[in-house]
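Participant: Input: one structure, supplied below.
The values are calculated or read from the model by the stated rules, or taken from the named source; none is laboratory data. Computed from a predicted model, the values in this text were never measured in an experiment. Note that we place each Cβ from the backbone using ideal geometry, even for glycine, and neighbour counts take in every protein chain shown. Ligands, DNA and RNA are excluded from the accessible area calculation, which covers all protein heavy atoms including side chains. Shrake-Rupley method; radii C 1.70, N 1.55, O 1.52, S 1.80 Å.
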Amino acid sequence: MDLSPILSEATVASAGETGSWRNYRPLVSSELCSKCGNCIVYCPEGVIFEGVDSVEIDYRFCKGCGVCREVCGQKAIEMVPE
Amino acid sequence: MRAEGNRNGSGVKRLLTSNEAIAEAVKIAKPDVIAAYPITPQSPIVEKLAEMVESGELDASFVRVESEHSAMAVIHGAATAGARVFTATSSHGLAYMFEMCWWIAGSRLPAVMAVATRSIGAPWNIHGDHTDIMSLRDAGWIIGMAESAQEAFDMTLQAFAVSEVVNIPFAVGIDAFTMSHTAEIVEIRNAKLPERRQAYRILPGMEVAVNAVTMGEARMKARYDLAIDLEKSAEVIERTDGEFGSYGGLVEKYRLEDAEYAVVMAGGWCGDAKDAIDMLRDEGVRIGMLRLRFIRPFPEKAVKELPSEVLVVDRANTGIKGILGMETAACGVEVKNVVAGIGGLDVGIDDFYRLFGKFVDGKLEKVEWLI
Amino acid sequence: MLTEVTIYCRGGQGGVTAARVLATAAMLQGYYSQAMPQFGPERRGARVNTYLRISDRPIRRRSVIKNPDIVAVFDRKIEIDSEASVVILNSPEPVQIPSRTYYVNATEIAERHGLVNAGWAILSAPMSGAIARVLDIEISALKEAMHIELGERAERSFKAAKEAYEVIKWT
Ligand code: SF4
Ligand code: SF4
């Protein structure tokens, strides 16, 4: 039985580096960020991680959608043009 | 008053409804996970299993869910991890879990589901016909239809054995009420199932993507493989038939050897029809029945061997035609087709006798509804 | 030979239980049997039929019984709309009908044995005793069947069944 359509290797970025789609870059202010984790949950690409002073974003895959800015109660994320 | 009639066989004899017989078979199969949501007339199956789990008679996880969609999702997940799984449903419950039925079949996971076949509303009706289970035809399941509580018991055991070899989920159909709630004598055979096997399992710690978005021809290939393997499951069904009763594989041929007239049917109401066939045989009419024990894979070979006069009696319709009528005709067989017994309308021996008489007299239209 | 029995009763009186007990008793005596409830909304006090088939050959039919050989009536107020040749009645006295009539005061027996629940006497025990007698089922098979079907309730029920089995009268 050929299982290849069902099972595949779990690789990072099997659909390519979505960071190249980005027009606006989310910038996190380490002063404002309380590390509540809200943006981590909401990021559709799952590319926000907990850092030392604030959350950190993996820009290879961040597509610049701005969801993280919308859900941040601290207004700690700013979208700046690339 | 004494008789020796029911003394054949070595197992214990018990008076059981088909619901109870299925629960007993599931107990023998020792599933790891059962998940179900109650619905008439299936509920007694999972109530009985819940009792068995509660009393410790059956060592399984019984997952109570809030819907049939979740029931199928739970057994899908459990099967992925290698658990032997069971669920049961009916009618609107099957409609509600329909999406997940496709997922489990497409994921090529072995699973067994009992379906107490019932009408789907509207109008509201809790009684028996085959509308619900027929809707599974395209999803990629093996679909069996038992005729008696004994066969429901045997087919449930066979379902685990077959499903786990061919990696295709298996639905066991029993007619609502006339089987699900009717107590008959069942021999509890001393059957033992092989260990659970399946094509793959996903365990904690494994890094693998399951059912990721497919590109190109992957989905087409998966559908093709499933279709081919579903057809090929016929061999496994025939092979395992003898281990769990002995019914003839995909079909049961009743008085067909020298028949000029053949009736094609499936499900619990075939018993009444056989009694009517006996009456006509006593009058010298050469009539017999091809009972479809399986709807998927469809018994095309047996259908093609039928004599030239064929009547298909359906308990579910698609447009004006009966579904089995359409399926039989698709094998290149000329058929008369009657739709009857929808919504639990009682069709007894006299009704079948009159209907078959009309068929033999050549007085049936191409398609008729017995209203 | 196939014997078809229709039980006329009210929801809650134990018609289904009686049919199951009798089907099990017949099974224990080597017969094929079938107990089939009438399907529909279950409502206490509403009239329901239950069907019982006993045969020395496998029973294939599952349609409702249209022409029963025997009708067993749990409540005298239910009209007997059948031409069955044998009628088994829960009644202290016989009634004037063309059928051969068996009668037993099942309500009184049930009450005396404390078989009452929520305003209704539970008649499954005495009526299964009565029907067993008419069907020629041995009392020992009935006793065993009650243990299989009723579990711990069997003891008291069997006493009521045995009494009905013994005192039933016929016309
Ligand atoms: S939602 Fe805002 S405050 Fe919370 S972790 Fe993200 S950036 Fe920081
Ligand atoms: S912009 Fe979108 S993709 Fe990028 S980190 Fe924020 S939520 Fe994630």
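Participant: Hey, among A:Ser8, A:Ser4, which residue is more than 16 Å from ligand 1 (Cβ to nearest atom), free of Cβ contacts under 8 Å to residues at least 60 places away in the same chain, in a strand (DSSP E or B) and within 14 Å of chain B (Cβ to nearest Cβ)?
Facilitator: Testing whether each residue is more than 16 Å from ligand 1 (Cβ to nearest atom), free of Cβ contacts under 8 Å to residues at least 60 places away in the same chain, in a strand (DSSP E or B) and within 14 Å of chain B (Cβ to nearest Cβ) leaves just A:Ser8.
Participant: Among the listed residues B:Arg196, B:Arg201, B:Arg219, which satisfies the condition of being open to solvent by 30 Å² or more (accessible area, probe 1.4 Å) and closer than 30 Å to B:Arg14 by Cβ?
Facilitator: When all the criteria are applied, what remains is B:Arg196.
Participant: Between residues in the stretch A:65-80 that are more than 9 Å from ligand 2 (Cβ to nearest atom) and residues that are polar (S, T, N, Q), which pairs lie under 8 Å by C-beta distance while being six or more apart or on different chains?
Facilitator: Taking only residues 6 or more apart or on different chains, the pairs are A:Cys72/A:Asn38; A:Gly73/A:Asn38; A:Gln74/A:Ser34; A:Ala76/A:Ser29; A:Ala76/A:Ser34; A:Ala76/A:Ser54; A:Glu78/A:Ser29.
Participant: Also: Name every residue in the stretch B:330-351 that is at the interface with chain C (Cβ under 10 Å from one of its Cβ atoms) and under 23 Å from B:Pro123 (Cβ atoms), in order of residue number.
Facilitator: B:Gly341, B:Gly344, B:Asp346, B:Val347, B:Asp351
Participant: Next question. Here is a list of conditions, (1) touching a helix residue (DSSP H, G or I) at 6+ places or on another chain (Cβ under 6 Å); (2) outside any loop (DSSP other than H, G, I, E, B), and A:Phe61 meets all of them except one; can you say which number that is?
Facilitator: Going through (1) touching a helix residue (DSSP H, G or I) at 6+ places or on another chain (Cβ under 6 Å); (2) outside any loop (DSSP other than H, G, I, E, B) one by one, A:Phe61 breaks only (2).
Participant: Taking A:Glu78 and the conditions (1) of a type in the set (D, E, K, R); (2) surrounded by 12 or more Cβ atoms within 10 Å (Cβ to Cβ); (3) assigned to a loop (DSSP other than H, G, I, E, B); (4) within 14 Å of ligand 1 (Cβ to nearest atom), which numbered condition does it fall short on, given that it satisfies the others?
Facilitator: With (1) of a type in the set (D, E, K, R); (2) surrounded by 12 or more Cβ atoms within 10 Å (Cβ to Cβ); (3) assigned to a loop (DSSP other than H, G, I, E, B); (4) within 14 Å of ligand 1 (Cβ to nearest atom) applied to A:Glu78, the lone miss is (3).
Participant: Is it fair to say A:Gly73 is part of a loop (DSSP other than H, G, I, E, B), farther than 30 Å from B:Ser107 by Cα and within 13 Å of ligand 1 (Cβ to nearest atom)?
Facilitator: Here the answer is yes, as A:Gly73 does meet what is asked.
Participant: Would you check if there is a residue in the stretch B:222-233 being open to solvent by less than 20 Å² (accessible area, probe 1.4 Å), in contact with a Pro (Cβ under 7 Å, 6 or more places away or on another chain), assigned by TED's automatic domain parsing to the domain that holds B:Ile22 and in a helix (DSSP H, G or I)?
Facilitator: The answer is yes; a qualifying residue exists.
Participant: Pick out the one residue from C:Pro98, C:Pro126 that is open to solvent by 80 Å² or more (accessible area, probe 1.4 Å) and free of Cβ contacts under 8 Å to residues at least 60 places away in the same chain.
Facilitator: The match here is C:Pro98.
Participant: Quick one: is C:Ala84 open to solvent by less than 60 Å² (accessible area, probe 1.4 Å), assigned to a loop (DSSP other than H, G, I, E, B) and more than 14 Å from chain B (Cβ to nearest Cβ)?
Facilitator: Spelling it out, C:Ala84 is indeed open to solvent by less than 60 Å² (accessible area, probe 1.4 Å), assigned to a loop (DSSP other than H, G, I, E, B) and more than 14 Å from chain B (Cβ to nearest Cβ).
Participant: Taking A:Lys35 as meeting all but one of (1) among the charged types (D, E, K, R); (2) within 14 Å of another protein chain (Cβ to nearest Cβ); (3) within 8 Å of ligand 1 (Cβ to nearest atom), write down the number of the exception.
Facilitator: Unmet for A:Lys35, out of (1) among the charged types (D, E, K, R); (2) within 14 Å of another protein chain (Cβ to nearest Cβ); (3) within 8 Å of ligand 1 (Cβ to nearest atom): (2).
Participant: I've got another one for you. Any idea which of A:Ser34, A:Ser54, A:Ser4 is within 13 Å of ligand 2 (Cβ to nearest atom), out of contact with any Gly (no Cβ under 6 Å at 6 or more places or on another chain) and of a type in the set (S, T, N, Q)?
Facilitator: Within the list A:Ser34, A:Ser54, A:Ser4, the selection yields A:Ser54.
Participant: Within the stretch B:101-116, is even one residue aromatic (Phe, Trp, Tyr), closer than 27 Å to A:Pro5 by Cβ and in the same structural domain as B:Ile174 (by TED's automatic domain parsing)?
Facilitator: yes
Participant: Okay, next question. Across the stretch C:145-169, which residue is surrounded by the most Cβ atoms within 10 Å (Cβ to Cβ) among those that are of a type outside the set (Gly, Ala, Ser) and in contact with a Ser or Thr (Cβ under 8 Å, 6 or more places away or on another chain)?
Facilitator: Per the criteria, the residue is C:Met146.
Participant: For the stretch A:37-46, which positions are within 11 Å of ligand 2 (Cβ to nearest atom) and either loosely packed, with under 13 Cβ neighbours inside 10 Å or at pLDDT 95 or above (or both)?
Facilitator: A:Asn38, A:Cys39, A:Ile40, A:Val41, A:Tyr42, A:Cys43, A:Pro44, A:Gly46
Participant: Condition first: within 14 Å of another protein chain (Cβ to nearest Cβ), open to solvent by 10 Å² or more (accessible area, probe 1.4 Å) and out of contact with any His (no Cβ under 6 Å at 6 or more places or on another chain). Can you find one or more residues in the stretch B:91-102 that meet it?
Facilitator: For the stretch B:91-102, residues within 14 Å of another protein chain (Cβ to nearest Cβ), open to solvent by 10 Å² or more (accessible area, probe 1.4 Å) and out of contact with any His (no Cβ under 6 Å at 6 or more places or on another chain): present.
Participant: Is it the case that the stretch B:237-248 has a residue that's touching a Pro at 6+ places or on another chain (Cβ under 7 Å) and not assigned by TED's automatic domain parsing to the domain that holds B:Val360?
Facilitator: For the stretch B:237-248, residues touching a Pro at 6+ places or on another chain (Cβ under 7 Å) and not assigned by TED's automatic domain parsing to the domain that holds B:Val360: absent.
Participant: Tell me which of these C:Val71 doesn't satisfy, since it passes every other one: (1) closer than 24 Å to C:Ser33 by Cα; (2) assigned to a helix (DSSP H, G or I); (3) open to solvent by less than 80 Å² (accessible area, probe 1.4 Å).
Facilitator: Among (1) closer than 24 Å to C:Ser33 by Cα; (2) assigned to a helix (DSSP H, G or I); (3) open to solvent by less than 80 Å² (accessible area, probe 1.4 Å), the lone unmet condition for C:Val71 is (2).
Participant: Right, here's the next one. Is one or more of the residues making up the stretch B:267-277 at pLDDT 95 or above and open to solvent by 40 Å² or more (accessible area, probe 1.4 Å)?
Facilitator: The answer is no, given that none of the residues of the stretch B:267-277 is at pLDDT 95 or above and open to solvent by 40 Å² or more (accessible area, probe 1.4 Å).
Participant: Just give me the residues in the stretch A:11-32 being hydrophobic (A, V, I, L, M, F, W, C) and either in contact with an Asp or Glu (Cβ under 8 Å, 6 or more places away or on another chain) or away from ligand 1 (no atom under 16 Å from the Cβ) (or both), in sequence order.
Facilitator: Listed by number, the residues that qualify are A:Val12, A:Ala13, A:Ala15, A:Trp21, A:Leu27, A:Val28.
Participant: Is at least one residue of the stretch C:39-53 among the β-branched types (Val, Ile, Thr), in a loop (DSSP other than H, G, I, E, B) and either in contact with a strand residue (DSSP E or B) (Cβ under 8 Å, 6 or more places away or on another chain) or open to solvent by less than 20 Å² (accessible area, probe 1.4 Å) (or both)?
Facilitator: no
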